[in-house]
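Structure first, commentary second.
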Amino acid sequence: MRPTYSRCQAFLLAILLACAAIITGGRALRGQSSSAAPESYTIVKNVMVPMRDGVRLATDIYFPTRNGARIEGKLPAILERTPYDKDHSEDMPAYYASHGYVYVAQDTRGRYHSEGVWHMMTDDVNDGYDTAKWLVAQPWSDGKFATIGTSYVGGTQHALAESNPPGLTATIPSDAMANAGYFGMRNGGAFELRFMNWIFFTAPSGSRESRDPGTRAVLEDAQQHVREYLMQLPIRKGTTPFKLAPEYEDWLVFELSHGPEDPLWRQPGFDVVNNVARYKAVPTYLIGGWYDSWDLQTTMTYMALSKAKKGPVKMILGPWIHGMHEHHSNGQVDFGTSAAIDQEAFSLRWYDHWLKGVANGVENDAPVKIYVMGGGSEAKLPDGTHEHSGYWRDEHEWPLARTQWTSFYLHRDGELSTGQPAEASAKITYKYDPANPVPTIGGNISSAVGIMLQGAWDQKCSSVIWNCKDTLPLSARQDVLVFMTPPLEHDVEVTGPIDVKLWASSAAVDTDFTAKLIDVHPPSKDFPAGIDMNLEDGIIRARYRDSLLKPELMKPGQIYEFTIHLYPTSNVFKAGHRIRLDISSSNFPRFDVNPNTGAALGDERGAVATMNTIYMDKDHPSHVVLPVIPE
């Protein structure tokens, strides 16, 4: 029996900011607004739209008005299908209604005011189609609509497009859930614990069961103890207060116990790449961030759609964490004011052209626009961040055609260089103890409130990281292997996907290997200890070393080849900086901790420490492949 599933939330403000619909701010990136905008809007609340199985979904309709009267005639629409509570804010619906669009906001199945039982993404293909069919049949519809939304709501856009719906004319999936079995829900076979956090924060707000005040209070109390539950994995059915919200409990147990080989992850709604043939060919603008949890999946989606669909398909990638496109800083780093975009104005330009025929030139924009991070003064700004800066650049494809794929090899003395190792035998063995995992300090994370930091951070423990036991840099840990280039003689731009190739063995039948790319800033007046700024990270669960679809345990002591896919980035390592690669076996709580026992996923009742070995000799040349862009 297939369990029931979950979605991103917009109840808690912090979660909303990280996961929910786009919030405005900053300034537009080459954006422009429609002319002759209406003055106001009027709302029709909770229209119950029937789905094919009789379940009704609560839907609000924002109609544009002028001089206090609703504008008559047939109009284009913008559709938002959200699990985040359609009532949370009227700002975005009001904005688009004020520019002549009918804005349609709908609670997805089983959430807030909608009927039915919630399942993560799997109902959104059919529900999206049925909603589209209803929408274009309305007397006010001109037969065209576009979709909008971030994170899970970006995923509902993809799910809708996979249904080939009538009337769909343009989409802007932003930081969108996609290809979740490969990266996102699972990453190299490891489970991304932000989704456990997501369950803890969504079930107490919009679930059917939370409509009962007593049940909601119990779920909210459990929410306050998410860190303690993280230390007691696995979650077993019926053993936590989430048994009161069975579809959420079922989904949490399922996702913890089913790896990437499960066919669920490749069905429409979860997977774009394997369902691209059924994806409707409409103008699509993908928005992503270098520190977003869906960064790699956004580029995977762009590569699949741009090759298969006329679209046009475009993509913009900025130095953003999840949903924070209107911000120009994250973590401890400022990327310059030009990094922020006003996403409403940015999106309006796309909608105006494709739905209204406005000649604003958006169709002539470059297929790919990226923000190249780095090059700043690295000075400390008044808010305590350091000025890393960056700039926008137009590109024609992804990955960039002029990329020089450059291997940087690991050496026994800690050097990272383009020279291949010459030693006949070179290795480093370290102890990986699941009871003392390497703490997560920033990275590509959403749904992080209460358990993780997001974005760019100096890789040093502190009191703001709850599972740090000291205030030492991560490089001081015995289970973190550090490899660095000498100070660079000239700037080096790295833009694109990143792969780490390791030769490794373990005393265990299963373990994890992690990798993290870091921009090492030299000491300065403002930062006398320098800065170890994280860029991207990744993981591979050893049983998935050869295939995500066919797990196989290891033979202790046998050397295997592993590939760790880091998320893509674009960063200039300035002259004087160092390129650093950290290798370890944990990154918690970004990823679940491997107990080293080979137990079935979701049934890891015990854990043992093990000895893991990384090889770096001429027959086992472990290295990272960096996408270097020539000057």
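The values are calculated or read from the model by the stated rules, or taken from the named source; none is laboratory data. Just so you know, these numbers come straight off a predicted model, no measurement behind them. Counting neighbours? That spans all protein chains shown, and the Cβs are built from the backbone with ideal geometry, glycine included. Accessible surface is based on the protein model in full, side chains and every heavy atom, while ligands, DNA and RNA are left aside. Shrake-Rupley method; radii C 1.70, N 1.55, O 1.52, S 1.80 Å.
Quick look at the numbers
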| read-out | value |
| --- | --- |
| Length added when fully stretched, Lys310-Lys45, from 0.36 nm per residue minus Cα-Cα | 91.7 nm |
| Length-normalised contact order of segment 452-600 in % [C-alpha pairs under 8 Å, at least 6 apart] | 35 |
| Inter-label distance for Arg236 and Ser524, nm, one decimal - labels placed 7 Å from Cα along Cα-to-Cβ | 5.3 |
| Principal axis dimensions, the chain - Cα atoms, whole angstrom, descending | 79, 56, 46 |
| Cα-centre dipole for the chain with unit charges at Cβ (Lys and Arg positive, Asp and Glu negative), debye to 20 | 960 |
| Cα extents of segment 70-222 along the three principal axes, largest first (Å) | 50, 39, 25 |
| Heavy-atom accessible surface of the chain: percent carbon and sulfur, 1.4 Å | 52 |
| Relative contact order %, segment 152-276, counting alpha carbon pairs below 8 Å whose residues are six or more apart | 34 |
| Heavy atoms of His88: accessible area, 1.4 Å probe, square angstrom to 10 | 90 |
| Radius of gyration and Dmax over the Cα atoms of segment 267-420, both given in Å | 18.4, 62 |
| Peptides ranked, highest mean first, by Cβ atoms within 10 Å: ranges 583-590, 465-472, 300-307, 526-533 | 583-590, 300-307, 526-533, 465-472 |
| Whole-number percent relative contact order across the chain, with pairs defined as alpha carbons under 8 Å at least 6 apart | 15 |
| Per-residue [θ]222 nm for the chain (sum of -39500 (n - 2.57) over DSSP H runs n ≥ 4, rounded to 500) | -5000 deg cm²/dmol |
| Under the Karplus curve 6.51 cos²θ - 1.76 cosθ + 1.60, θ = phi - 60°, whole-Hz ³J(HN,Hα) for segment 447-463, x wherever Gly or Pro sits | 6, 9, 4, x, 10, 8, 8, 10, x, 9, 9, 4, 7, 9, 5, 7, 5 |
| Rh by Kirkwood over Cα pairs, then Stokes-Einstein D for segment 487-578 at 1.306 mPa s and 10 °C, µm²/s | 105 |
| Solvent exposure of the chain as accessible area per residue, Å², 1.4 Å probe | 34 |
| Heavy atoms of Arg278 accessible to a 1.4 Å probe, total area in Å² rounded to 10 | 110 |
